[in-house]
1. Do we have residue B:81 as within 12 Å of DNA strand D (Cβ to nearest atom), closer than 25 Å to residue A:109 by Cα and more than 10 Å from chain A (Cβ to nearest Cβ) here?
2. Name the single residue, out of those in region B:90-106 being away from DNA strand C (no atom under 16 Å from the Cβ) and within 10 Å of another protein chain (Cβ to nearest Cβ), that is nearest to residue A:116 (Cα to Cα).
3. Look at region A:41-57 and say how many of its residues are crowded, with 20+ Cβ neighbours inside 10 Å, more than 13 Å from DNA strand D (Cβ to nearest atom) and over 16 Å from residue A:104 (Cβ atoms).
4. Output the residue which, of all residues in region A:6-31 that are assigned to a loop (DSSP other than H, G, I, E, B) and at pLDDT 85 or above, is surrounded by the fewest Cβ atoms within 10 Å (Cβ to Cβ).
5. If I filter region A:17-36 for residues that are away from DNA strand D (no atom under 11 Å from the Cβ), within 8 Å of chain B (Cβ to nearest Cβ) and under 28 Å from residue B:20 (Cβ atoms), do I get at least one hit?
6. Would you point out the residue of region A:67-77, among those that are part of a helix (DSSP H, G or I) and within 12 Å of chain B (Cβ to nearest Cβ), that is nearest to DNA strand C (Cβ to nearest atom)?
7. Tell me, which residue of region B:85-106 that is touching a helix residue (DSSP H, G or I) at 6+ places or on another chain (Cβ under 9 Å) and at pLDDT below 95 is surrounded by the most Cβ atoms within 10 Å (Cβ to Cβ)?
8. Which of the residues spanning region B:55-66 are touching a helix residue (DSSP H, G or I) at 6+ places or on another chain (Cβ under 8 Å) and more than 8 Å from chain A (Cβ to nearest Cβ)?
DNA sequence: ACAACATGTGAACAATTATTCATATATTGT
DNA sequence: ACAATATATGAATAATTGTTCACATGTTGT
């Protein structure tokens, strides 16, 4: 189906196998994009700090702003990103809106990241 | 030790407890920064694609460029970032340099991310 | 209906970043 | 030593992004 010319590094046949294998196991473009998009969300220390607060309790926006010494607006912008990516969920109670973790993957992912970093230090 | 005034959302005492709890469980600034830095590495679809290739085999730079239809230079730049963050390791063999996964966290993290995305679809 | 409070959001600016291009480094075979 | 090949890297550019500011939306109590 795909007759590409392969001429790098000399060894031709091995590389053809690789290309086939990669084509089979590589997720679709849209899924790769979604994955990268998800990890981008974890790639900001403000959002990580928000998640660490939510590990401990369900809190409202102004509490987060207070706890992290940041503007309510900045927090709100970040919460929107976290919510769009389904890492947190929200619940209204009067004037306040309370945020909490949406699912367990959040914690697993952060824990794994932390393990990776700790290992580096050895 | 830290006598901050808390005046948001009315309920004063609950929030003081929260602040204490957060101060106890929140990792240090540098660790939060490192964590975010690590996830930033996963937050690019080119790097994710590179990692997916490395899930299957140890490959050289020109193979990666070939498999992902990208410039050798672009791949090389991204490999540097992956290596700096200890997600991949390299080994020289003649003129070629072969890259492979550095540890198992890489796969766990990507798998968890994928699970999270799949769940969203339900 | 209105004032006070909690949160959401668009525009703007500064900072970060992925890719390209040109070039440097390193290895091999002659 | 030199040409050929494989990889690395600095500079430049375009695109993305986090925060701030100003203001909009939504809720409560009077």
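The values are calculated or read from the model by the stated rules, or taken from the named source; none is laboratory data. Keep in mind the model is a prediction, meaning the values are calculated, not measured. Virtual Cβ from ideal backbone geometry, glycine too; neighbours counted across all protein chains shown.
1. Values: within 12 Å of DNA strand D (Cβ to nearest atom): yes; closer than 25 Å to residue A:109 by Cα: yes; more than 10 Å from chain A (Cβ to nearest Cβ): yes.
Judged against the criteria, residue B:81 is a match.
2. Taking region B:90-106 and keeping what is away from DNA strand C (no atom under 16 Å from the Cβ), we get B:100-106.
Next, from what is left, pick out any that are within 10 Å of another protein chain (Cβ to nearest Cβ): B:102-106.
Working: B:102: 10, B:103: 8, B:104: 9, B:105: 6, B:106: 8 Å.
Looking at the filtered set, the residue picked out is B:105.
3. Total meeting the criteria: 1.
4. By that ranking, first place goes to A:28.
5. The answer is no, given that none of the residues of region A:17-36 is away from DNA strand D (no atom under 11 Å from the Cβ), within 8 Å of chain B (Cβ to nearest Cβ) and under 28 Å from residue B:20 (Cβ atoms).
6. The selected residue is A:72.
7. The qualifying residue surrounded by the most Cβ atoms within 10 Å (Cβ to Cβ) is B:105.
8. Matches in region B:55-66: B:61, B:64.
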